[in-house]
1. Once you keep just the Cα pairs under 8 angstrom separated by 6 or more residues, what percentage relative contact order results for the chain?
2. Provide Tyr66, Tyr95 in ascending order of the number of other Cβ atoms located within 10 Å of each residue's Cβ, fewest first.
3. Order these by the 10 Å Cβ neighbour count, fewest first: Phe269, Phe100, Phe121.
4. Put a dot 7 Å past each Cα toward the Cβ at Val108 and Ala140; how far apart are the dots in nm?
5. Might you report the magnitude of the Cβ-based charge dipole of the chain about its Cα centre, with Lys and Arg at +1 and Asp and Glu at -1, to the nearest 20 debye?
6. How do 224-235, 21-32 rank on mean C-beta neighbours within 10 Å, highest first?
7. Per residue and in Å³, how big is the convex hull formed by the alpha-carbon atoms of the stretch 5-307?
8. Neighbour counts of other C-beta atoms within 10 Å: give me Ser160, Ser120 arranged from fewest to most.
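Any read-out appearing in this document is the output of simple, stated calculations on the displayed coordinates, not a laboratory observation. The model shown is predicted, which means the values in this text are computed figures rather than measured ones. Cβ placement follows ideal geometry from the backbone for every residue including glycine, while neighbour counts extend to all protein chains displayed.
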Amino acid sequence: MDSYIRSLHHVTATVAGAQDDLDFYVGLLGQRLVKKTVNFDNPGVYHFYYGDEQGTPGTIMTTFPYAGMGIRDGIRGAGQVTVTSFSAPVGAMAYWRRRFTDFAVPYVDDATPFGEDAISFADPSGLLLRLIGSEGDARAPWTGAGVPEEKAIRGIHGVSLLVREPVTTVALVTELLDGTVIGEAAGTTRVGISGSAPGQLLDIVQAADAPHGVNGVGTVHHVAFAAADSAQQLAVQAELRWRGVHVTDVLDRNYFESIYFREPNGVLFEVATMPPGFAVDESVAQLGRALKLPDWAEPNRAEIESRLPSVTY
Ligand code: ZN
């Protein structure tokens with residue numbers, strides 16, 4: 001099969017307060033807010049996209065801050081992305097331990113099964129995150145949020161999927177999403193998507209008896225994979241349909257186009273196109289400054305803005 005998928009595209013989580021979210025991802029982790037928009041399926045809620053300067057696929061973390069909207073807390077469990085990991089230079093880990101201490105954010109040392117230095121922590125909504133010390137992550141980091149270049153987060157490292165039967169998930173990602181098994185340790189299978197660099201990694205963690213996860217505040221909603229273009233996305237969609245997997249039609253997300261499906265253990269997957277990207281409706285220099293709405297929501301801008309909490313960053 002040709003190579004359809006290049007890397008992870010983004011990870012999307014259901015979180016609590018909008019201001020707390022910005023303070024954490026921009027103020028502490030040093031990410032760039034590359035887009036301030038609304039949840040296209042629920043325009044009363046923000047959709048924040050964080051990443052590198054341009055929001056390159058594989059660096060993007062996105063959140064729906066649902067505080068005050070009556071959304072219950074999620075339950076971590078099988079059939080979910082349970083940990084989202086970021087990548088920083090291995091020599092920067094001491095800096096990050098100090099920084100977490102300075103910000104009074106608790107963390108625990110948590111080396112990965114593959115011997116990487118890492119710390120685990122939670123965002124303000126309880127979402128489980130990890131920072132992994134990486135050798136040779138060549139991606140240029142965003143430095144506009146005050147973290148020095150040599151210390152700054154390079155992007156997403158990978159995600160950990162908790163599943164009951166890894167074999168079916170491994171089969172799907174290797175057969176359809178250009179994955180290759182690159183490591184096995186301590187009940188965890190590491191799959192690289194079109195490579196083995198940070199931004200391309202899935203850790204598939206076996207938990208045969210884990211209760212199923214429930215989406216809600218403090219959990220990941222889905223993980224997206226990057227297709228180079230629409231043709232490659234449609235090829236994945238066709239292959240899924242041929243296999244009898246329910247997959248959505250192509251949905252226009254303004255900054256990419258998306259299809260969604262559940263992998264065999266229930267984790268919600270998305271395949272998103274790399275184009276057009278976040279500079280489609282504002283300049284790279286201005287990314288994230290103004291509230292951007294899709295054309296269909298513009299007529300309701302005043303009402304939408306009146307319902308969203310005001311935030312500073
Ligand atoms: Zn998505």
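1. In percent, rounded to a whole number, it is 26.
2. Ascending Cβ contact count within 10 Å gives the list Tyr95, Tyr66.
3. With the sparsest Cβ surroundings first, the list reads Phe100, Phe121, Phe269.
4. My value for the distance between the label points is 3.9 nm.
5. Rounded to the nearest 20 debye, it is 360 debye.
6. Ranking the peptides 224-235, 21-32 by packing returns 21-32, 224-235.
7. Value for the stretch 5-307: 124 Å³ per residue.
8. Taking fewest neighbouring Cβ atoms as first place, the list is Ser120, Ser160.
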